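Colleague: Okay, handing you the structure first.
Rule-based calculations on the coordinates, nothing more; no lab input. Being a predicted model, the structure only gives us computed values, none of them experimental. Note: ideal-geometry Cβ built from the backbone for every residue, glycine included; neighbour counts use all protein chains shown.
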Amino acid sequence: MAEKKASGFSLKDQLFNKERVEYLAGLFSDSNPDFASNQFVRDAMRTLTKLELKERIVHIAKTLEKYLSADFKTATSQILSSLPPPLDPNKTDDDFGDFIFAPLGEFVVRNGLSKTHLRVSLKTLKAITQRFSMEDAIRFFINEYPEHTLNELGKWVAHKNYHVRRIVSEGTRPMLPWSKRLCLDPSISLGFLDSLHADPTRYVTRSVANHLNDIAKTKPGLVLETLKKWTQAKTQSPGELEWITRHALRTLVKKGNKNALRLLGFQTNPRITIHGFRLKSNKVRPGDTVEFSFSIASTRNERLVIDYRIDFVKANGSRAPKVHKLKQLETTKGESVQLSKRHKLHANATTYTLYPGMHRLTLQINGKSFGALDFELN
């Protein structure tokens, strides 16, 4: 799990600190007076601040092993009795939960990943995920016991709590960030998505769209056919299905996939001309902003998805493209639209490294290239 830092902000320190550990200890001691909360906090905090985010989750889970029952079934009962009420069921989005419960999922994986404990482990994860998403933990059980776990997830699809429904999609995503890969054919999970795409909760449908976007990276045709099938089924509102479709096809659109663009209603050969495509400066430094502008003239009414691609110089001197979103708009015949963009080249980005050399900026409209300009990064 990557940590984001900006202006001295530390995500790991915000999510896992003494206050949050004391909160977790208080939950256990409230439900079980024999729980040695003060000693648990001391043990957990002894090395916590030296660890990275993911390491802190594992460390707290390992510390819990000293203070919960050595009998796994009893330990899960202690966990379940300590849990606070589920997250607000009236919300519909952006309610991921409290990260301090992530170690509870790690505890279940470390101690309950066996055929003997499978039923109670899944029951415990279902309860915890209503307080914090167990999407990472469930993947260990999918890989180890796919048939039983997938059968159980099939029951969760109709659960009354949308957090339980969401984990079915999020937990089976082929490329879930910061999580281990699944030994599972991506097409298997589509049976779950056939139901979940009609969910009334955006938190669930967002996961469905992200799931489809993952599959699209290896099986674009399967995703396009699935979306067409859902359109015909009419089990989701047109507006929400349109949102799912746009979000699910975002990678294919960036790649200029013609079938994806057509499904979204974009012409793959738009009748437009580009004028005045220019850079404010063709020499920049790390931390500077690449600024460019241009105008679009249409010879017919057009729906346009406008992206720009930067071919970044790599360490070996070759270049690798990265597509960025700019704007979607509708133009009328004879209309001219002026556009500009400022793209900051972050000097200390965590996802890529800047290397000196000649970079290239290309306009990409409805998947087609419309001019390129070079700029030098010193």
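Colleague: According to the Kirkwood expression over distinct Cα-Cα pairs, how big is the hydrodynamic radius of the range 272-377, in Å?
Modeller: 14.6
Colleague: Calculate the length of the line joining the C-alpha centroid of the range 133-189 to that of the range 224-256, in whole Å.
Modeller: Result: 21 Å between the Cα centres.
Colleague: State the Kirkwood hydrodynamic radius of the chain in Å, one decimal place, computed from all pairs of distinct Cα atoms.
Modeller: Numbers: mean 1/r = 0.0422 Å⁻¹.
For the chain, inverting the mean 1/r across all distinct Cα pairs yields 23.7 Å.
Colleague: With θ set to phi - 60° and the Karplus curve 6.51 cos²θ - 1.76 cosθ + 1.60, what are the ³J(HN,Hα) couplings of the range 226-232 in order, to the nearest whole Hz, using x for Gly and Pro?
Modeller: Computed from phi, the couplings for the range 226-232 are 5, 5, 5, 4, 5, 4, 6 Hz.
Colleague: Specify which residue in the list 323, 290, 301 is farthest towards the positive end of the charge dipole of the range 272-377, using unit charges on the beta carbon of Lys, Arg (+1) and Asp, Glu (-1), about the Cα centre.
Modeller: Working it through, the farthest residue towards the positive pole turns out to be 323.
Colleague: Please arrange 64, 87 by counting, for each residue, the other beta carbons lying within 10 Å of its beta carbon, fewest first.
Modeller: With the sparsest Cβ surroundings first, the list reads 87, 64.
Colleague: Restricting to DSSP loop positions (anything but H, G, I, E, B) with no more than 14 other Cβ atoms inside 10 Å of their own Cβ, which trypsin sites (Lys or Arg not before Pro) remain in the range 287-362?
Modeller: On the way: sites: 300, 303, 309, 314, 319, 322, 325, 327, 333, 341, 342, 344, 360; in loops: 300, 314, 333.
Here the sparse-neighbourhood loop sites are 300, 314, 333.
Colleague: Then there is this: Using only Cα atoms and rounding to the nearest 10 degrees, what angle (0 to 90) does helix 37-48 make with the longest principal axis of the chain?
Modeller: 40
Colleague: I would also like to ask the following. Amide H of residue 319: which non-local residues (sequence gap of 5 or more, or other chain) have their own amide H closer than 5 Å, using H built in the peptide plane?
Modeller: Under 5 Å from the amide H of residue 319 lie the amide H atoms of 314, each far enough along the sequence or on another chain.
Colleague: Dipole size in debye (nearest 20) for the chain around its Cα centre, Lys and Arg Cβ +1, Asp and Glu Cβ -1?
Modeller: Values: 60 positive and 39 negative charges, 289 e Å.
That gives a dipole near 1380 debye.
Colleague: About its Cα centre, what dipole magnitude does the range 147-268 give when the only charges are +1 on Lys and Arg Cβ and -1 on Asp and Glu Cβ, stated in debye to the nearest 20?
Modeller: Details: 20 positive and 10 negative charges, 90 e Å.
The calculation lands at about 440 debye.
Colleague: Here's a follow-up. Hey, what angle do you get for helix 162-171 against the long axis of the chain, alpha-carbon based, 0 to 90 degrees rounded to 10?
Modeller: In the chain, helix 162-171 runs at an angle near 70 degrees to the longest axis.
Colleague: What are the ³J(HN,Hα) couplings of the range 313-319, residue after residue, when phi is run through the Karplus curve with 6.51, -1.76, 1.60 and θ = phi - 60°? Round to Hz, x for glycine and proline.
Modeller: 6, 9, 4, 8, x, 6, 10
Colleague: Also: Any idea what angle helix 135-144 forms with the longest principal axis of the chain, computed on alpha-carbon atoms, 0 to 90 degrees, nearest 10?
Modeller: Tilt of helix 135-144: around 80 degrees.
Colleague: Could you work out how far the C-alpha centroid of the range 17-56 sits from that of the range 284-360, in angstrom?
Modeller: The range 17-56 and the range 284-360 have Cα centres spaced 47 Å from each other.
Colleague: Residues with amide H under 5 Å of residue 145's amide H, sequence separation 5 or more or different chain, H placed in the peptide plane at 1.01 Å from N; which?
Modeller: So residue 145 has HN proximity to no qualifying residue.
Colleague: How big, in percent, is the set of alpha carbon pairs in the range 68-262 lying more than 31 Å apart?
Modeller: Everything past 31 Å amounts to 19 percent.
Colleague: Short version: ³J(HN,Hα) in whole Hz for each residue of the range 83-94, in order, from phi by Karplus 6.51 cos²θ - 1.76 cosθ + 1.60 (θ = phi - 60°), x for Gly and Pro, what are they?
Modeller: 5, x, x, x, 4, 3, x, 8, 7, 10, 6, 6
Colleague: Check which residues have an amide H placed less than 5 Å from residue 328's amide H, if you skip close sequence neighbours.
Modeller: 306
Colleague: Report, in deg cm²/dmol and to the nearest 500, the calculated mean residue ellipticity at 222 nm for the chain, where each DSSP H run with n ≥ 4 adds -39500 (n - 2.57) and the sum is divided by the residue count.
Modeller: -13500 deg cm²/dmol
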